[in-house]
Amino acid sequence: MSAYSSTADSALFSDAQVHDNEKSEQALRKEITASHHLIRNNPLLGIGARRFRASCIGGGAKPIFDTKLFSEDFNQAWKEWNLYCDFYGNTNFAGVQALSVVTMLLDGSGFIIRRRTLDPVPLQLQVVSPLSHASELEKQGKGSYVRGGILYSKNGKVKKYAFYKLPRDHPEFDEESVNWLPASDVIHIRDVLHAGQSSAQPWITSGADFAKQYKDNQTIELKSRMKRNAQKVYALKESSPSQHNNGAPGTNAPKEKLVVRAGDVTVLNGVKDIKTASPPEIAGNYQEHNNQVLRMIAGILGITFEMLTGDLTQVNYSSIRAGMINHRRFIGQLRDVVLIPAFNRIIGWFIEAYQLKTAQELPGYFENPYQYLDPTWIWPEWEEIDPLKAAKALVLEIQNDITSMEEVSNGRGKTLDQHLDGIKRSRDASESRGLTPNEAPTESNDERTNADDTASASSGSGDGQ
């Protein structure tokens with residue numbers, strides 16, 4: 001016990017304070033505002049956020065409903081609802097997914113709110129920033145209590161969320177004027193790192209110092225090069241003595257100034273050649289320092305250096321494969337732990353609205369809804385780094401029953417039925433035109449050696465010079 005006490009009293013924790021939720025929420029609100037400022041004014045962070053969104057969401061995740069549980073009418077209603085599910089009317093379900101992820105990236109967390117409407121399926125989704133959440137509301141009580149704008153029951157379970165009725169920049173905004181929404185109508189998306197966490201820091205602002213440092217480096221170097229370009233030095237040819245000795249015999253000619261400066265131009269007299277001084281090259285460690293800053297920014301955003309910059313000059317097959325595997329493992333965990341549970345709740349909202357509108361009850365849904373709330377989600381396909389090698393490995397896995405055609409189809413963004421129907425249509429179209437598909441295997445040597453990686457790295461480095 002004494003060891004813990006001495007550690008807590010050390011200089012390492014000199015700035016540690018007892019948690020003050022109100023001050024923490026005020027600081028978080030300022031940090032979210034700063035995050036919005038950064039994304040507007042720093043193109044590097046804007047590019048990083050968009051590429052993370054493209055990698056994580058792409059064209060959007062699609063659920064595959066079990067045909068034994070869901071009818072064809074239900075599937076059709078879901079497809080149509082995807083077109084008008086956005087409360088703001090700007091996008092479709094894939095766009096709502098993308099907006100939710102970017103909101104979590106910029107603001108640390110985000111809310112998806114259920115809105116009841118008069119549409120064919122009376123449901124729409126509203127993505128809301130934490131800035132609209134009345135997170136500074138606090139109220140103690142013997143039973144339920146309010147902390148961070150959230151009403152908790154006595155056992156700590158979330159009951160309601162408080163949201164401001166008007167935006168903060170509205171002239172009639174009042175911090176006490178809030179709407180309390182039941183927890184069943186709110187999905188709180190955030191990356192939870194510890195138990196009891198109710199909010200999260202924006203991902204963007206944690207890389208703000210590095211982003212500003214990179215921008216300042218560019219500005220300083222640009223000004224330095226402009227200054228060196230302006231300081232051109234001109235040298236004039238040496239003049240003959242007769243041109244300067246126009247006085248009486250025996251008198252000395254006035255001495256000419258060796259250096260004459262006019263603004264940023266320096267004139268040297270008495271030199272035979274005319275030359276222009278070129279500015280020096282960029283300092284030796286400038287580029288490497290910038291690359292290190294960019295790597296830090298990419299790491300904070302959860303993407304690779306190559307994804308952030310588009311610079312592939314220093315990679316080979318092995319390094320880019322290792323980097324992409326690590327990035328995809330991070331994205332996969334975020335999908336499984338944060339996004340899929342949120343999307344499954346949206347399916348629950350849709351089922352309730354569908355049953356309310358059509359009066360078609362799903363058997364046993366109200367007794368045990370969870371059998372309906374765990375579909376297979378198909379994410380957009382990730383392109384292989386070496387398609388030929390991956391295809392051959394996939395053939396071996398299928399032949400040895402390591403994987404199935406259904407898993408392969410799902411991994412490529414299709415259902416097994418869609419995949420097989422597509423093959424059948426292609427074959428029928430070929431036969432109707434008298435074409436014979438070429439089914440002969442193509443031999444190729446796809447063996448990769450260490451020499452390939454070395455050659456790739458050498459050629460990449462050469463291209464970048």
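The values are calculated or read from the model by the stated rules, or taken from the named source; none is laboratory data. Keep in mind the model is a prediction, meaning the values are calculated, not measured. Here Cβ is always computed from backbone atoms with ideal geometry, including for glycine, and neighbour counts include all displayed protein chains. Protein only, heavy atoms only, side chains kept; ligands, DNA and RNA dropped before computing areas. Shrake-Rupley method; radii C 1.70, N 1.55, O 1.52, S 1.80 Å.
What is the stretch 286-400 by shape, rounded, prolate or oblate, if you read a ≥ b ≥ c off the alpha carbon gyration tensor as root eigenvalues and call it rounded for a/c under 1.5, prolate for a/b larger than b/c, and oblate otherwise?
Verdict is oblate for the stretch 286-400.
Want the number for Arg40 to Met405: 0.36 nm per residue separation, take away the alpha-carbon distance, what's left? Before the final figure, lay out each step's value.
Details: separation 365, 0.36 × 365 = 131.40 nm, distance 4.46 nm.
Length gained between Arg40 and Met405: 126.9 nm.
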Residue separation between Leu420 and Arg328 times 0.36 nm, minus their alpha-carbon distance, gives in nm 30.4 nm
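Which peptide among 371-382, 341-352, 96-107, 323-334 comes first, and what is the full order, when sorted by highest mean count of other Cβ atoms within 10 Å? Working shown, then result.
Numbers: 371-382: 16.2, 341-352: 18.3, 96-107: 22.8, 323-334: 14.7.
Highest to lowest by the protection proxy: 96-107, 341-352, 371-382, 323-334.
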For Glu406, Glu431, the accessible-area ranking with a 1.4 Å probe, largest leading, is Glu431, Glu406
Protection proxy (average C-beta count within 10 Å per residue), highest first, orders 133-146, 168-181 as 133-146, 168-181
For the stretch 139-194, averaging the sequence separation of alpha carbon pairs under 8 Å that lie six or more residues apart and dividing by its residue count, the contact order in percent is 22
For the stretch 46-93, listing trypsin sites (Lys or Arg not before Pro) in a DSSP loop whose Cβ sees at most 14 other Cβ atoms within 10 Å gives Lys68
Distance in nm between Leu312 and Val337 label points, each 7 Å along Cα→Cβ, equals 3.1
Residues of the stretch 343-377 with backbone N under 12 Å of the label point set 7 Å from the Cα of Ser71 along Cα→Cβ are 355, 358-363
Between Leu356 and Leu435, Cβ-based FRET efficiency (R0 45 Å, step 0.05) works out to 0.30
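Which peptide among 150-158, 291-299, 81-89, 355-363 comes first, and what is the full order, when sorted by highest mean count of other Cβ atoms within 10 Å? Numbers along the way, then the final one.
Numbers: 150-158: 13.8, 291-299: 18.0, 81-89: 15.8, 355-363: 12.2.
Most protected by this proxy first, the peptides run 291-299, 81-89, 150-158, 355-363.
Carbon and sulfur together cover what percent of the accessible area of the stretch 73-169 at a 1.4 Å probe radius?
The value for the stretch 73-169 is 51 percent carbon and sulfur by accessible area.
How much length would be gained if the chain were fully extended between Lys392 and Ser24, taking 0.36 nm per residue of separation minus their Cα-Cα distance, in nm to one decimal? Don't skip to the answer; put the middle values down first.
Working: separation 368, 0.36 × 368 = 132.48 nm, distance 5.40 nm.
127.1 nm is the gain from fully extending Lys392 to Ser24.
Give me the net charge for the shell around Pro167: Cβ to Cβ below 14 angstrom, other residues only, Lys and Arg +1, Asp and Glu -1.
On the way: positive: Arg29, Lys165, Arg168; negative: Asp169, Glu172, Asp174, Glu175.
My count for the surroundings of Pro167 gives -1.
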